[in-house]
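Beneath this line is the structure, given in structure tokens, with notes to follow.
The values are calculated or read from the model by the stated rules, or taken from the named source; none is laboratory data. From a predicted model like this one, the values you see are computed outputs, not experimental measurements. A quick note on method: Cβ atoms are made from the backbone with ideal geometry, for glycine too, and the neighbour counts reach across all protein chains shown. Ligands, DNA and RNA are stripped out before the accessible areas are found, and what is left, the full protein with its side chains, is counted by its heavy atoms. Shrake-Rupley method; radii C 1.70, N 1.55, O 1.52, S 1.80 Å.
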Amino acid sequence: MKLLGVEDLNAGYGKLQILYGITFSLENKEILAIVGPNGSGKSTLLKSIFGLTTVYSGKVIFKGEEITNKPPHEKARIGLAYLPQIGNTFEKLTVIENLKMACYTLEEHEVKERIEEVLAIFPHIKPYLKRRVWSLSGGERQMVAMAMALTRRPEIIMMDEPSAALAPKIASQIFEKIVEIRDSLGKGVVLVEQNAKKALEVCDKALLLVAGQQAFLGSPEELLADPELAQTYLGVK
Amino acid sequence: MFSLDVILDALIFSNMISLMAIGLTLTYQTLKVPNFAHGDLVTLGAYAVLFLYKTFNVNPYLALPLAFLIPAFFSLLTYLLIYKPLSDRGASIVVLMIASIAVEIILRNMLHIFADVMRNLQKTYYRSLILREKNILLGGFSIPPVAISSTLTTIFVASIIYLFLTKTKLGVAMRASIENPGLASVLGIDVNKVYSISWFIAGGLAGLAGLFLPYRMPADPEIGWGLLLKVFSASILGGLDNIFGAIAGGYIIGNVEYLGINLLSRPPINLSTSYRPALPLIAMILALLFVPKGITSINMRKIKKWLRRQ
């Protein structure tokens, strides 16, 4: 069964329409990379799926159930996780406090188990549990944010530019973790990326957005093989 | 250098300003509204105590729960009925601030009416009320009991708030909601409930300051309003984002005012003591000029490095 389906989605902010007729689907154990030039609506697409914009028409379907107009916290409860690009952690709180807050709605006995579960995936942040998040490096912060999202055992994790402003080596580490989330946890991942080259290396499916329209949907190899699309919009040779 | 009386005066005043500054900082952090009605919550607490004492002869310290609860509920109601609905409708900080000035005017004038009622009940001419107590002897020193009670209360409140904010789930959720309400609500934290608790605690602590107030200065309906500027100074000194900064700010402001004027009124400066109210404001201006983000933003490591180089 399809994990996530988006059908003919038209969305924007108030009267300003950004997205025109977006259609794609996502299965378990799949990474979908949304790529495209600046201002093409990549982040808006993620926000629209999570219910943070105005959807004019079209559907968002999660495991066969339409969830287009469900409020964000409801979507979070049923198994969607959304990681915004900024403000995805509480910087003044310690790492462990952040993780505990991510488990806020869970029972006390579950919290410990879930935190141990995500720390097994992100051993990098284990030594820093008592440190405040603002004192961590960008990559470590991103890992805290990803760990927070995973404590709720979501089925889909949607990330907005997880590698933004990271050194190439650290960005590679983050991409490794994203692959791990797909392969060993079997989750579906929707990834918005500026770093198109890197995103296309790890993804199973690519969606190219140009000015709010879907310019390409298919395998990353196909996209890279199309010299016009790849070079014009992504600068990948 | 200072007589014991002056030091104790400064201590009691600092305790009161600290208790008020904690609340002002808490409510400022939630909606970013500088709450102009905060001083009058202090008066409300003071009048709760005075009313019970003057009419039913209840010991002021036994009236402590009411001194906490009445302003706490009043503060909670203003949040639920005024600031929250306005904020939900997208009111700017300026609108919220003006609303708080309106609440201030209403509350202060209600207290004026109440003071008249109390005067008629007491059949007295003066409206200013004061509480008196006998000094106790402690190790050969004569000490007013309020010096001890207000200090213990402030220490107790600071420890409880510290434990609440760092050790309890609700307290951590409060810090989380203050920092990033959007993320907090996505994680399932009831931000509105957390903010309501902040306003409740803030009002209650203002009331506690009000309990100690009539021991040191004649209480009338204007007293809290008169103190508000000093409380703002203390909060701003503390950086407006930190409860413990607010406490430290309270102690600095209190001591600057009482010890400062004591020093400056001596020879060779001989400054008139009527300049006393200006000192905390000068301290605040200096703070804004040199450490605009408050004393908690001072980088101790840099200072240590600088000292080592000297």
- [ ] Would you list, by chain and number, the lysines whose Cα falls below 26 Å from the Cα of B:Lys134, excluding same-chain residues fewer than 8 positions away?
- [x] B:Lys54, B:Lys123
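Taking all protein chains in place and a 1.4 Å probe, what share, in percent, of the accessible surface of chain A do carbon and sulfur account for? Present the calculation step by step, with values, prior to reporting the outcome.
On the way: 5340 of 10530 Å².
About 51 percent, which is the carbon plus sulfur part of the accessible surface.
Output the pairs from A:Lys169/B:Lys167; A:Lys130/B:Lys304; A:Lys15/A:Lys197; A:Lys70/A:Lys205 with a Cα-Cα distance over 32 Å in this structure; if there are none, say none. If you can, show how the numbers build up before the last one.
Values: A:Lys169/B:Lys167 37 Å; A:Lys130/B:Lys304 25 Å; A:Lys15/A:Lys197 34 Å; A:Lys70/A:Lys205 26 Å.
Result: A:Lys169/B:Lys167; A:Lys15/A:Lys197 exceed 32 Å.
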TODO: Could you tell me which of the pairs A:Lys59/A:Lys198; A:Lys100/B:Lys169; B:Lys84/B:Lys193 are separated by over 18 angstrom between their Cα atoms in the structure shown?
DONE: A:Lys59/A:Lys198
- [ ] Could you tell me what % of all Cα pairs in chain A have separations over 32 Å?
- [x] 18
- [ ] Quick one: which residues, 5 or more positions from A:Ala165 or on another chain, have an amide H under 5 Å from its amide H? H modelled 1.01 Å from N in the peptide plane, none for Pro or chain starts.
- [x] none
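List the trypsin sites (Lys or Arg not before Pro) within the range B:80-141 that DSSP assigns to loop and that have no more than 12 neighbouring Cβ atoms inside 10 Å. Mind dumping the intermediate values first?
Values: sites: B:Arg89, B:Arg108, B:Arg119, B:Lys123, B:Arg127, B:Arg132, B:Lys134; in loops: B:Arg89, B:Lys123, B:Arg127, B:Arg132, B:Lys134.
For trypsin sites (Lys or Arg not before Pro) across the range B:80-141 that sit outside H, G, I, E and B with at most 12 neighbouring Cβ atoms in 10 Å, the list reads B:Arg89, B:Lys123, B:Arg132, B:Lys134.
Please report the buried accessible area for the interface of B with A, total over both chains, probe 1.4 Å, in Å² to the nearest 100. Intermediate results must be reported in sequence, preceding the final value.
On the way: alone 15730 and 11290 Å², together 25440 Å².
When B and A are taken together, about 1600 Å² of accessible area is lost.
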- [ ] Would you calculate the separation in nanometres between label points at B:Ala102 and A:Gln17, each defined as 7 Å from the Cα along the Cα-to-beta-carbon direction?
- [x] 4.1
Open item on the list: Please list log₁₀ I(q)/I(0) at q = 0.14 Å⁻¹ for the range A:125-237, using the Debye equation with identical point scatterers on the alpha-carbon positions.
Closed with: -0.63
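For the protein assembly as shown, report the % of Cα-Cα distances exceeding 35 Å. List each step's numbers first, then the result.
Working: 73620 of 149331 pairs.
When every Cα pair of the protein assembly as shown is considered, 49 percent fall beyond 35 Å.
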- [ ] Treat each spin label as a single point 7 Å out from the Cα along the C-beta direction, and report the A:Glu74 to A:Thr54 distance in nm.
- [x] 2.0
Open item on the list: Using amide H atoms built in the peptide plane, which far-off residues or other-chain residues are under 5 Å from A:Lys29 H to H?
Closed with: A:Lys187, A:Gly188
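Counting other Cβ atoms within 10 Å, which GluC sites (Glu not before Pro) in the range A:166-220 have at most 14 and lie in a DSSP loop?
Details: sites: A:Glu176, A:Glu180, A:Glu193, A:Glu201; in loops: A:Glu193.
Passing both the DSSP loop test and the Cβ count: no residue.
Which value, in Å², gives the accessible area per residue of the protein assembly as shown when a 1.4 Å probe is used on the protein heavy atoms? Walk me through the intermediate numbers first.
Working: 25440 Å² over 547 residues.
Here the residues of the protein assembly as shown average 47 Å² of exposed surface.
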Open item on the list: Give me the tail of P(r) for chain B as a percent: Cα-Cα pairs with distance above 27 Å.
Closed with: 45
